[in-house]
Amino acid sequence: MSTLDQAIERLQGFRSRHAAGQPIDRDSGLTGDDIDIILQHLRRPTDLEPGGSLGADDLGNLA
């Protein structure tokens, strides 16, 4: 069984072989742009972004 990170890596590799507006699957109309949207929403936030692992409380002692 693969992990989400492994699946995302494979999807990114698949996506890199297709131009942004290029149809990937003509029957469904799936395009590279569609995959970009999916990948954007799957991206984990960085430490300082909302939802990331660091918050203002973590940084308060550094000032």
Within segment 18-36, the residues whose backbone N lies under 13 Å from a label point placed 7 Å from the Cα of L42 along the Cα-to-Cβ direction are 34-36
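What is the local net charge at L39, summed over the other residues whose Cβ is closer than 13 Å to its Cβ (Lys, Arg +1; Asp, Glu -1)?
Numbers: positive: R10, R15, R43, R44; negative: D5, E9, D33, D34, D36.
Summing Lys and Arg as +1 and Asp and Glu as -1 gives -1.
The numbers here are math on the coordinates, done by the rules we state, and not lab data. From a predicted model like this one, the values you see are computed outputs, not experimental measurements. Please note: Cβ atoms are built from the backbone with ideal geometry, for glycine as well, and neighbour counts cover all protein chains shown.
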